[in-house]
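Below: the structure, in structure tokens.
Bear in mind that the values in this text are calculations on the coordinates, not laboratory data. Bear in mind that the values here come from a model prediction, so they are computed numbers and not experimental data. In this analysis, Cβ positions are derived from the backbone assuming ideal geometry, glycine residues included, and neighbour counts consider all displayed protein chains.
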Amino acid sequence: VAEKSGWGQPLPARTGRGVCAQPSFGSFIATVVEAEVDEHGEVHLRKVTSAVDTGIAVNPDIIVAQLQGGLIFGLTAALWGEITIENGRVQQSNFNDYRMLRIDEVPKIEVHVIKSGEDPGGIGETGATAGPPALRNAIYAATGIALRRLPIDRKALAVTKKA
């Protein structure tokens with residue numbers, strides 16, 4: 001994943017790469033998220049690269065599709081997945097008031113399936129758990145701000161101007 005993501009290559013200011021490497025449901029995955037944080041604290045996803053060892057890949061195309069969908073789901077949660085409660089009731093009732101990653105915001109997602117002879121592992125949840133920590137680490141690399149909770153706090157990431 002380091003090679004495929006361009007790890008170590010220079011990036012513009014306020015742009016960073018973050019990595020997450022983990023065992024997940026009997027599979028092993030490493031993901032690099034490249035993100036830019038603008039002066040208002042908005043995060044723009046530039047590229048996502050994953051390398052995964054799921055054991056014997058029965059259908060590699062399904063592995064790629066599952067990971068792409070899971071990564072989008074996990075990154076959506078990390079960016080906007082806040083549930084708010086008012087007067088004891090959840091305020092988000094459906095997708096009209098629960099912010100999702102939009103198609104024009106989805107970066108290029110590269111998935112590299114590692115050839116393996118091990119027993120097949122799980123893949124359904126793997127992408128969802130890989131995206132958020134890699135994004136958090138990319139934000140830290142871009143800004144030096146270590147977020148401790150998700151969804152991300154845009155106010156904490158905004159550039160403050162000194163008078």
I need the GluC sites (Glu not before Pro) found in region 1-68, filtered to DSSP loop residues with at most 16 other beta carbons within 10 Å of theirs. GLU39, GLU42
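Using a 10 Å Cβ count of at most 16 others and DSSP loop calls, identify the longest part of the chain lacking such chymotrypsin sites (Phe, Trp or Tyr not before Pro). Provide the component values of the computation, followed by the final result.
Working: sites that count: TRP7, PHE25, PHE95, TYR98.
Value returned for the longest uninterrupted segment is 26-94.
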Over the Cα atoms of the chain, compute the convex hull volume and normalise it per residue, giving Å³. 141 Å³
In degrees, nearest 10, the alpha-carbon axis of helix 60-80 is tilted away from the dominant principal axis of the alpha carbons of the chain by 20 degrees
Would you please give the residues with an amide H less than 5 Å from that of VAL111, counting only those at least 5 places away or on a separate chain, with H modeled from the backbone geometry? SER50
Relative contact order for region 70-115: what percent, with Cα pairs under 8 Å and sequence separation of 6 or more? 37 percent
Suppose we flag trypsin sites (Lys or Arg not before Pro) only when DSSP calls them loop and at most 11 other Cβ atoms lie within 10 Å. Which is the longest uninterrupted stretch of the chain? 1-101
Relative contact order [Cα under 8 Å, 6+ residues apart], region 7-79, whole percent: 22 percent
Need the full-extension length gain, GLU86 to LEU11, defined as separation in residues times 0.36 nm minus the C-alpha distance. One decimal, nm. 22.8 nm
Counting only residues 5 or more places away or on other chains, whose amide H sits under 5 Å from the amide H of LYS47 once H atoms are built in the peptide plane? GLU34
Could you work out how far helix 126-143 tilts from the main Cα principal axis of the chain, as a 0 to 90 degree angle to the nearest 10? 50 degrees
Restricting attention to region 72-163, which GluC sites (Glu not before Pro) occupy a DSSP loop and are surrounded by at most 11 other Cβ atoms within 10 Å? none
Using only alpha carbon pairs under 8 Å that are at least six residues apart, calculate the relative contact order of the chain and give it in whole percent. 37 percent
Which shape class, rounded, prolate or oblate, goes with region 1-97 when its Cα gyration tensor gives a ≥ b ≥ c as root eigenvalues, a/c under 1.5 marks rounded, and past that a/b bigger than b/c marks prolate? oblate
Per the helix-only model, the chain has a calculated mean residue ellipticity at 222 nm (DSSP H runs of ≥4, -39500 (n - 2.57) each, divided over all residues, rounded to the nearest 500) of -9000 deg cm²/dmol
Distance (nanometres) between label positions extended 7 Å along Cα→Cβ at ILE56 and LYS115: 1.6 nm
Using a Förster distance of 22 Å, the FRET efficiency for SER93-GLU125 (Cβ separation, nearest 0.05): 0.30
